[in-house]
Structure formats: C-alpha cells, structure tokens
Amino acid sequence: MLIQRPKGTSDILPDQVEKWHYIENVLRQICREYGYDEIRTPIFEHTELFQRGVGETTDIVEKEMYTFRDKAERSITLRPEGTASVCRAYAENKLYANPLPVKLYYLGPMFRYEKPQAGRFRQFNQFGIEVFGSTNPAVDAEVITLAMDFYERLGLNGLEVHLNSVGCPKCRPVHKRKLQEFLQPHLDKFCPNCQGRFERNPLRMLDCKNPTCQELSDGAPTTTQCLCDECEEHFAAVKSYLDAVGVRYFVDERLVRGLDYYTKTAFEIMVEEIGAQSAICGGGRYDGLIEEIGGPATPGIGFALGMERIFAALAVQGIDIPLVTRKDVYIAVLGQAAAVEGFRLQAILRKLNLKVETDYLGRGLKAQLKAADRVRARFAVIIGDDELARGVVVVRQMDSGDQVEIGLIDLEDYLLANS
RNA sequence: GUGGAUGUGGCGAAGUGGUUAACGCACCGGAUUGUGGUUCCGGCAUUCGUGGGUUCGAGACCCAUCAUCCACCCCA
C-alpha cells in the first residue's frame with residue numbers, strides 16, 4: 001500500500017505553489033506599505049502557552065490541539081494559531097524596547113485536530129498581523145483596513161466586515177452577570193453545548209448556530225449595551241476611523257470570537273460560499289494577553305486570515321491568478337557530442353539569467369521540440385553533428401516557427417536582443 | 001466526536017451478476033533521413049480502495065475495514 005498524506009493535510013504541487021507565491025508577494029508588498037515587519041516563530045511551543053494564551057475553555061484548547069510529549073517529557077503543541085506565539089516572542093525578546101507601536105506580520109502553517117471539510121484542514125496556512133503598544137482605536141481601524149485592502153487587490157468581491165466590541169475586564173463581568181440573569185430562566189431549553197457554556201463563558205451562547213438557542217437568546221443584553229465609557233468611546237472611534245477611509249462594516253452584536261483573549265474590538269470578514277465556512281479573516285484587540293502570558297502589560301491587536309480560504313474564495317468567484325511561467329530557451333541536442341556542447345551552452349546562458357533547459361532523456365529531435373513547446377520556450381536552440389562541426393547553432397523562434405543559423409559566439413547576443 | 005455520500009488506468013468516466021473491463025483527456029511511439037503546437041495510426045487497467053463472504057460465476061450483491069469528500073460543532 002502506498003503511504004498517503006495524513007488526514008487533513010495537502011501537498012501543494014508546483015503549479016499551485018506559483019499561485020501561493022503570487023499571493024504571498026501581494027501580502028509582503030502590502031505589509032511594506034503599512035509598515036509591518038515579518039516575524040518567524042517556532043511551529044511548536046510549550047503547551048502551556050496556548051492553554052494560557054488562547055484560553056482553557058476554547059474549542060481549540062479543549063479538543064483541537066496537536067499535543068505530544070517530547071523525549072524529555074515536555075508537553076509540546078503544534079501551534080493552532082499565531083497570536084500567542086508572536087506575543088510570547090514579543091515579550092521574550094523584549095521587542096517593547098523598540099519604538100512603539102511594534103507592527104509585525106507572520107505567514108505559515110497552523111495545526112488543529114479537526115475533521116476536515118470544505119475550507120477546513122488539519123494543517124492550514126495563515127497570514128496574520130499584530131500591533132503592540134497602542135490602545136489607539138485608529139490602530140484597530142488600520143488593521144481592518146489592511147485586510148480589506150489586501151482582498152481588494154486580489155479582486156475579491158462581496159466581503160463583509162462584521163464588527164463588535166466585547167468589552168474589557170471592567171465591563172465584561174457586568175455583561176456576563178446580566179446575560180446570565182437573562183438566560184437563566186430558559187436554561188433548560190438550550191442545547192447541551194450552550195448549557196455547558198452558561199457558567200464558563202455565557203458570551204459564547206450568543207453566537208450558537210442552533211436556531212432554538214438563537215431564538216432563546218434573542219433580545220439578550222448585548223456586549224455593546226453594557227460597555228463601560230472607555231470601551232464605548234473606543235468602539236465609536238473605531239467606527240469613525242473606518243468611516244473616514246470608506247471601509248464598510250456591519251455591527252454584529254452576536255459576534256464573539258472563539259478565543260478568550262479578545263477585548264474591545266472583535267471582527268470577522270465574511271465571504272459567501274466556501275462550503276459551510278464563511279469566515280475568511282478574524283481578529284480583534286487583546287489588551288490583556290501579553291500580561292497573561294507573563295510579559296509586561298501591553299495592549300495589542302491583530303488578525304489572522306486563512307490562505308486556503310483565499311484560494312477557495314478566488315475559485316468561487318472565478319478569479320484567476322496571473323501566472324507567467326515560461327522558459328526562454330530549450331536546447332535540443334542530437335548525439336553525445338552535441339549533448340555536451342548543449343550542456344555547456346546551457347550553463348553559459350543561465351549566467352545571463354535566462355531560463356534554460358535541455359534534453360535529459362536522449363529523445364529524438366521531434367520529441368525534444370515537443371518538449372520545448374510544452375515548457376513554452378521562446379527559443380529552441382538546435383545542435384546536431386552538422387552544426388557542431390561548423391561552429392553554429394540553429395535558433396528557432398517557437399511562436400513563429402522561423403529559424404536562423406547563428407555562429408556560436410553570436411548566440412548570447414542574439415538571444416538577449418530577441419528576448 | 002456524530003451523520004451522509006463516494007472509492008474502476010495519471011485524470012475524467014461507462015459498466016444495474018455471465019465469456020477478452022467502453023470512451024474521452026493526458027502520456028509514449030510512428031506517418032521516408034534532424035524539426036513542435038493540427039490530423040491520422042498504434043501503445044498504455046492479468047484488474048475494479050483493502051480483507052472476508054454469497055454464487056457454477058462479482059467491478060457489480062452482503063459484511064467489515066481504510067481512505068476521500070460533504071455536513072454538524074467550531075472556526076481560518
């Protein structure tokens with residue numbers, strides 16, 4: 001039996017990788033413009049980082065982590081998301097010594113032990129940004145703007161920013177209490193899942209997809225109704241900054257986010273029809289997180305977006321990524337002596353930064369030209385015994401079929417002049 | 001973790017119990033000597049995810065198992 005890839009993973013094949021490069025380039029470009037620098041953190045961390053950072057009551061920590069013991073019996077976890085690691089790196093490397101705010105981005109694989117389906121995998125790739133050291137609502141708006149700017153550059157349509165404020169340690173307990181008071185009388189009618197959430201995280205009951213639960217929680221006190229003055233002001237400011245740059249959003253009071261660390265601003269960007277999945281980006285503010293994992297009290301905000309879901313959305317919307325893979329020269333050789341000469345020419349032409357290939361299968365001329373056609377070469381350089389003896393090569397323009405005989409010493413100039 | 005669908009060559013896909021498993025694409029080779037993208041001809045599954053069973057006979061029926069896809073939960 002052939003060994004297959006593990007469930008929920010994928011091989012990104014060469015033609016597909018080209019597309020990844022394209023998207024990664026757009027991301028890197030946009031980060032440069034917005035002033036974000038790349039950070040690379042380990043793909044695995046001490047399990048405790050995620051337990052403390054992501055939150056013990058979250059689905060991620062409760063059931064989705066790839067956790068194992070290493071040879072020294074340390075509990076290690078493959079990162080299920082990026083924010084906790086970046087915060088850890090920020091604190092551990094004392095990046096707060098830099099001028100604030102510190103603006104970072106990352107790109108790489110994440111791991112969650114889930115049952116795969118459309119738009120969901122066990123290993124998937126996220127791009128994310130984090131801003132540390134500012135409570136300014138303008139930063140919240142910048143982060144959201146960056147994401148939307150990016151999607152726009154790819155040509156994606158119909159994206160919706162869903163925006164909410166989940167409050168802070170001051171107003172959250174007030175809301176939690178009011179919420180519990182509201183939900184208590186009907187508690188027995190909620191789904192088992194929600195009943196479990198009642199004590200630990202009643203907020204999560206608000207975004208339960210179960211219709212009955214939705215109905216029961218209809219009219220429940222929302223987070224935005226219970227915000228303290230500071231959070232209220234902050235939320236209003238975020239909205240006005242978004243208005244100022246023309247980023248449209250929907251205030252979604254049921255939006256809670258699955259991770260515990262969020263404070264104040266929480267948002268998701270939705271797109272239609274990636275199977276049952278619709279979130280293509282999620283993020284928010286997490287002013288207590290760095291302190292939670294042992295760093296200095298530092299406000300932060302960021303988001304993560306799913307690379308695979310970008311491709312899914314592009315596919316659904318019929319958007320093609322422009323690919324330009326074309327070989328400049330294919331060297332067709334006939335016979336051993338010509339093969340050596342061709343090999344030599346190949347090396348020389350590559351030093352001119354030309355894309356060059358030659359035959360390694362000992363095929364006939366016909367087959368070699370076919371190969372040249374298939375790699376979409378611009379030129380075929382043909383070398384046989386005759387050419388070899390006379391110190392010339394035949395250069396064929398693949399598009400037109402015109403071909404000329406050229407002296408070996410003139411080949412470089414000819415190709416450069418014509419490519 | 002729960003549920004549904006599917007599993008035939010590199011890919012797509014016929015086959016609804018009876019001798020040699022359609023077809024399309026891709027791939028390889030040929031159509032007078034060393035010339036591609038069109039056309040024509042030829043080649044390409046001792047075998048139908050795997051293991052059992054029913055039957056005179058199974059790719060087709062039954063059971064199990066694995067895998068993939070989709071959905072629930074939740075999210076990227």
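The values are calculated or read from the model by the stated rules, or taken from the named source; none is laboratory data. What you see is a predicted model, and the numbers here were worked out from it, not measured in a lab. In this analysis, Cβ positions are derived from the backbone assuming ideal geometry, glycine residues included, and neighbour counts consider all displayed protein chains. Ligands, DNA and RNA are stripped out before the accessible areas are found, and what is left, the full protein with its side chains, is counted by its heavy atoms. Shrake-Rupley method; radii C 1.70, N 1.55, O 1.52, S 1.80 Å.
So, in the range A:169-183, exactly how many residues are closer than 24 Å to residue A:141 by Cβ and open to solvent by less than 10 Å² (accessible area, probe 1.4 Å)? Let's see the steps before the verdict.
Within the range A:169-183, the subset closer than 24 Å to residue A:141 by Cβ is A:169-172, A:175.
Keeping just the survivors that are open to solvent by less than 10 Å² (accessible area, probe 1.4 Å) gives A:171, A:175.
Here the count works out to 2.
On the basis of being open to solvent by less than 40 Å² (accessible area, probe 1.4 Å), within 26 Å of residue A:290 (Cα to Cα), at pLDDT below 95 and in a loop (DSSP other than H, G, I, E, B), does residue A:203 make the cut?
no
If you take the residues of the range A:206-229 that are of a type in the set (A, V, I, L, M) and part of a loop (DSSP other than H, G, I, E, B), which of them is surrounded by the fewest Cβ atoms within 10 Å (Cβ to Cβ)? Break it down into steps so the answer makes sense when it comes.
Initial filter on the range A:206-229 (of a type in the set (A, V, I, L, M)): A:206, A:216, A:220, A:227.
After this cut, where a residue has to be part of a loop (DSSP other than H, G, I, E, B) as well, the list is A:220, A:227.
On the way: A:220: 19, A:227: 24.
So, considering only residues that are of a type in the set (A, V, I, L, M) and part of a loop (DSSP other than H, G, I, E, B), the one surrounded by the fewest Cβ atoms within 10 Å (Cβ to Cβ) is A:220.
Looking at the range A:309-355, which of the residues that are in contact (Cβ under 8 Å) with a residue 40 or more places away in the chain and among the aromatic types (Phe, Trp, Tyr) is least open to solvent (accessible area, probe 1.4 Å)? I'd like the intermediate steps shown before the answer.
From the range A:309-355, those in contact (Cβ under 8 Å) with a residue 40 or more places away in the chain are A:309-314, A:316-317, A:319, A:321-323, A:325-335, A:337-338, A:341-342, A:345, A:348-349, A:352, A:354; that's our starting set.
Add one more test, that the residue is among the aromatic types (Phe, Trp, Tyr), and what stays is A:311, A:330.
Numbers: A:311: 32, A:330: 7 Å².
Of everything passing the filter in the range A:309-355, A:330 is least open to solvent (accessible area, probe 1.4 Å).
Within the range A:260-293, which residues are open to solvent by 10 Å² or more (accessible area, probe 1.4 Å) and modelled with pLDDT under 85?
Correct list: A:260, A:261, A:272, A:273, A:275, A:276, A:277.
Search the range A:59-73 for residues that are within 16 Å of RNA strand B (Cβ to nearest atom) and pair each with any residue that is of a type in the set (Gly, Ala, Ser) when their beta-carbon atoms are under 9 Å apart and the residues are at least 6 apart or on different chains.
If the second residue must be of a type in the set (Gly, Ala, Ser), the pairs left are A:59/A:258; A:60/A:258; A:61/A:55; A:67/A:75; A:68/A:75.
Pick out the one residue from A:414, A:360 that is hydroxyl-bearing (Ser, Thr, Tyr) and either open to solvent by 90 Å² or more (accessible area, probe 1.4 Å) or assigned to a strand (DSSP E or B) (or both). Spell out the reasoning first.
Details: A:414 fails: either open to solvent by 90 Å² or more (accessible area, probe 1.4 Å) or assigned to a strand (DSSP E or B) (or both).
Answer to the check: A:360.
Are any residues in the range A:307-326 more than 12 Å from RNA strand B (Cβ to nearest atom) and either touching a helix residue (DSSP H, G or I) at 6+ places or on another chain (Cβ under 8 Å) or on the phi < 0 side of the Ramachandran plot (or both), and if so, which ones? Steps first, answer last, please.
Keep residues of the range A:307-326 that are more than 12 Å from RNA strand B (Cβ to nearest atom), which gives A:314, A:317-325.
Selection gives A:314, A:317, A:319, A:320, A:321, A:322, A:323, A:324, A:325.
Give the residues of the range A:251-269 that are among the hydrophobic types (A, V, I, L, M, F, W, C) and either out of contact with any strand residue (DSSP E or B) (no Cβ under 9 Å at 6 or more places or on another chain) or over 20 Å from residue A:205 (Cα atoms) (or both), sorted by residue number. Walk me through it before giving the result.
Taking the range A:251-269 as the starting set, the residues that turn out to be among the hydrophobic types (A, V, I, L, M, F, W, C) are A:251, A:255-256, A:259, A:266-267, A:269.
Once the filter is applied, which keeps residues that are among the hydrophobic types (A, V, I, L, M, F, W, C) and either out of contact with any strand residue (DSSP E or B) (no Cβ under 9 Å at 6 or more places or on another chain) or over 20 Å from residue A:205 (Cα atoms) (or both), the range A:251-269 yields only A:269.
Please list, ordered by first then second residue, the pairs with beta carbon atoms under 7 Å, 6 or more apart or interchain, first in the range A:266-278 and under 24 Å from residue A:172 (Cβ atoms), second assigned to a loop (DSSP other than H, G, I, E, B) and within 6 Å of RNA strand B (Cβ to nearest atom).
The qualifying pairs are A:266/A:257.
Filter the strands (runs of 3 or more DSSP E) completely within the range A:88-195 down to those with at least 1 residues that are without any contact (Cβ under 8 Å) to a residue 40 or more places away in the chain.
The qualifying strands (runs of 3 or more DSSP E) are A:102-111.
Among residues belonging to the range A:73-99 that are open to solvent by 60 Å² or more (accessible area, probe 1.4 Å) and more than 25 Å from the chain's Cα centre (by Cα), point out the one that is nearest to residue A:47 (Cα to Cα).
Of the residues in the range A:73-99, the ones open to solvent by 60 Å² or more (accessible area, probe 1.4 Å) are A:73-74, A:92-94, A:96-99.
Retained after the next criterion (residues that are more than 25 Å from the chain's Cα centre (by Cα)): A:73-74, A:94, A:96-99.
Details: A:73: 12, A:74: 9, A:94: 22, A:96: 24, A:97: 27, A:98: 28, A:99: 31 Å.
Of everything passing the filter in the range A:73-99, A:74 is nearest to residue A:47 (Cα to Cα).
Would you say residue A:395 is within 12 Å of residue A:329 (Cα to Cα) and either within 9 Å of RNA strand B (Cβ to nearest atom) or in a strand (DSSP E or B) (or both)?
Details: within 12 Å of residue A:329 (Cα to Cα): yes; either within 9 Å of RNA strand B (Cβ to nearest atom) or in a strand (DSSP E or B) (or both): yes.
Against the criterion (within 12 Å of residue A:329 (Cα to Cα) and either within 9 Å of RNA strand B (Cβ to nearest atom) or in a strand (DSSP E or B) (or both)), residue A:395 qualifies.
Out of (1) within 18 Å of residue A:347 (Cα to Cα); (2) open to solvent by 70 Å² or more (accessible area, probe 1.4 Å); (3) within 6 Å of RNA strand B (Cβ to nearest atom), what's the single condition that is false for residue A:373?
(1)
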